[in-house]
1. Among the residues of segment A:59-100, which ones are more than 11 Å from every other protein chain (Cβ to nearest Cβ), of a type in the set (A, V, I, L, M, F, W, C) and either outside any loop (DSSP other than H, G, I, E, B) or within 22 Å of the chain's Cα centre (by Cα) (or both)?
2. Out of A:Lys155, A:Lys126, I need the residue that is outside any strand (DSSP E or B), within 12 Å of chain B (Cβ to nearest Cβ), touching a residue at least 60 places away in the same chain (Cβ under 8 Å) and surrounded by 20 or more Cβ atoms within 10 Å (Cβ to Cβ). Which one?
3. Residues to consider are B:Phe195, B:Phe213; find the one that is aromatic (Phe, Trp, Tyr), outside any loop (DSSP other than H, G, I, E, B) and free of Cβ contacts under 8 Å to residues at least 24 places away in the same chain.
4. Just to be sure I understand, how many residues within segment A:101-112 are under 27 Å from the mean Cα position of the chain (by Cα) and not charged (D, E, K, R)?
5. For segment B:128-141, indicate whether the set of residues that are part of a helix (DSSP H, G or I), within 14 Å of chain A (Cβ to nearest Cβ) and farther than 23 Å from B:Phe48 by Cβ is non-empty.
6. Among (1) closer than 24 Å to B:Leu163 by Cα; (2) in contact with a Phe, Trp or Tyr (Cβ under 9 Å, 6 or more places away or on another chain), where does B:Pro299 come up short?
7. For segment B:276-335, name all the residues that are of a type in the set (Phe, Trp, Tyr) and more than 20 Å from A:Gly46 (Cβ to Cβ).
8. Exactly one condition in (1) touching a helix residue (DSSP H, G or I) at 6+ places or on another chain (Cβ under 7 Å); (2) more than 14 Å from chain A (Cβ to nearest Cβ); (3) surrounded by 22 or more Cβ atoms within 10 Å (Cβ to Cβ) is false for B:Ala205; which is it?
Amino acid sequence: MTRRDLLRLGFLAVITAPFAALFRKRGETGTGYFWQIDPDKCVQCGKCETECILPQSAVKCVHQYASCGYCLFCSGYYQDKRIEFNTAGENMRCPTDAIIRTYVEDPYFEYKIDEERCIGCGKCVKGCLSFGNGSLFLQVRRDLCKNCNECRIAKACPADAFVRVPADHPYIYRKPPEVKS
Amino acid sequence: MIPRLPLLFAAQARFPAPEFESYTLPKMSLEELASDSVLWRVLLLAVFLAAGTWFFYRLRSRKALLAYSVAGLAVFGFLFASCPCPVGMFQNVAEGLANGSYIQPGVLLLFALPLAVALFAGRVFCGGACPLGAIQELLHWKSVFIPRPLDRILRLISVLLLLIFSVCAIYGIGFPLCYLEPYLPIFLLDFATPFAILSAVFLAAGLFISRPFCRYVCPYGVLLRFFSYFSLLKPQITSHECVNCRLCEQGCPNGAILPPEGTGSTSEHRSGFRRISMLTALIPFALFAGGLFGYFCAPVLSSFHRDVRLVRELDAGIKSEAVEAFESTTTTREELRVRAIKLQNGVLLASTAAGVLFGAVMMAELIAEARRRKEEEVYTIDPSLCFCCGRCYAACPLERKEKHHEK
């Protein structure tokens, strides 16, 4: 085979490619390139914290305020074996004290994730889901993620919760945040 | 342990959002993707490849090519995090083509650009635009010459890996190359144990064996080798009349420089003819052996797939995290089992086909090796093996003299 033959073959392939594409079966998955966690599949195993190649995981907890109940006794904030409902360390669920609680109105408190401190362990997510609305969930942060072609967390994820998403919708929300007029 | 209650808030929240008097909900602050860095990478890659071609064919300077490697390592290795790189893209392309899923144009360009350049100018990409090639180029100390037959046999490993990794990508087993790539821990400065050991082994080997990954492991290198065989520009050691001093052959650590071959004696002709007819007779056996090898590899490959592993754990009654996660979904065991069996059958077929293909490639390589080359009176560069490092330009005394005159 000479160079000319190869070029001719390549040209033929390029010409036929669009026709071949017409007969191709359509796949359901893999419409994007960027890794993301499907919060409905996530089981909060804690691997996101440890498996990421970054020194500090690109996965962090996010809070969807629109579906939060603003509970006084937040099950994502307090741990199960709490002694009292106060802000002492032994009562907290977050190991790095990354949930900031501020008073809003009488029985209601706002919970905010301090992203500098959050390590993506998913403990609060599990807590919120066990008793509350599930407004806390884990997401891969686009500014931190290196987008490895083979994500190590995805490889280790027991629930197959890592999916590829397109660039224009890089996050998966629990439920689309409601716009209140 | 906290019991996993069924999620009800899709219908209604357990705790409906309170109605506040003077409090507005804070906005969720999730940063969008700033820009799709893949296209930038393609642009930069094009610039690099153009520069590399110019350095290698026009400047013919070892120093410029070294600078090219350093720049490639800095930019593609460290500055941009090394993923996605063209080396691993064949997996994405194979998956996209086989499953009919969408392939990003950036991914396709990253895959095709070095191959297109190889068709015109050889493996300029390997010389320095590839961060993996660049790090091996720079971290090479003393060359250990690998005998030609051993070299040709060892490089069949890369063909085998290309086939296996393509099967893995097509059937959703994963992208093993990106997972195991030995230089990735260095670029990401992440030295977790099992992966860092592999990179240490490859770095240590690279000190003595030039480019161990490129020559014997890199699956993308197989494609580059094929395309650069038809390269339009052929590298020439010197434009002067070669004095057959052998310095370039000794200076090339990659075994890409072929010595002149004479006409040979009649007995050599006869033994060569016998060798080729023997190899041709062996072809059916090689194909069969390859197919058998692929057939027996298939269960190993499919055992890395999530569904197959899950079925195995369910059958064995292991209470792993994956089993627990599976039980909280709505998929039934039968559905999972059907999926796993379908996958196993697919892998079995593909793996056997890949084995047959490997047998064919192996025989083709062996016959190509046994065949007589075109008669040459001078030392020539094999463009499919040349990594465009420019060592031979520096070693050639005629070339040095010319450089000296130019100054």
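Derivation of every value follows stated rules applied to the coordinates shown; laboratory data play no part. Model, not experiment: these values are computed from the prediction. Cβ coordinates were reconstructed from backbone atoms using ideal geometry, including for glycine residues, and neighbour counts include every protein chain displayed.
1. A:Val59, A:Cys61, A:Met92, A:Cys94, A:Ala98, A:Ile99, A:Ile100
2. Numbers: A:Lys155 fails: surrounded by 20 or more Cβ atoms within 10 Å (Cβ to Cβ).
Going through A:Lys155, A:Lys126 in turn, just one is outside any strand (DSSP E or B), within 12 Å of chain B (Cβ to nearest Cβ), touching a residue at least 60 places away in the same chain (Cβ under 8 Å) and surrounded by 20 or more Cβ atoms within 10 Å (Cβ to Cβ): A:Lys126.
3. On the way: B:Phe213 fails: free of Cβ contacts under 8 Å to residues at least 24 places away in the same chain.
Unique residue meeting the criteria: B:Phe195.
4. So the first thing to find is which residues in segment A:101-112 are under 27 Å from the mean Cα position of the chain (by Cα), and the list is A:101-102, A:108-112.
Add one more test, that the residue is not charged (D, E, K, R), and what stays is A:102, A:108-109, A:111.
Residues that pass the stated criteria total 4.
5. To start, the set of residues in segment B:128-141 that are part of a helix (DSSP H, G or I) comprises B:128-129, B:131-138.
Adding the requirement that they be within 14 Å of chain A (Cβ to nearest Cβ) leaves B:131-132.
Going one step further and asking which of them are farther than 23 Å from B:Phe48 by Cβ, we end up with none.
Checked segment B:128-141: no residue is part of a helix (DSSP H, G or I), within 14 Å of chain A (Cβ to nearest Cβ) and farther than 23 Å from B:Phe48 by Cβ.
6. Checking B:Pro299 against (1) closer than 24 Å to B:Leu163 by Cα; (2) in contact with a Phe, Trp or Tyr (Cβ under 9 Å, 6 or more places away or on another chain), the one that fails is (2).
7. Looking only at segment B:276-335, we keep the residues that are of a type in the set (Phe, Trp, Tyr), and these are B:285, B:288, B:293, B:295-296, B:304, B:326.
Within segment B:276-335, B:Phe285, B:Phe288, B:Phe293, B:Tyr295, B:Phe296, B:Phe304 meet the criteria.
8. Tallying (1) touching a helix residue (DSSP H, G or I) at 6+ places or on another chain (Cβ under 7 Å); (2) more than 14 Å from chain A (Cβ to nearest Cβ); (3) surrounded by 22 or more Cβ atoms within 10 Å (Cβ to Cβ), B:Ala205 fails exactly one: (3).
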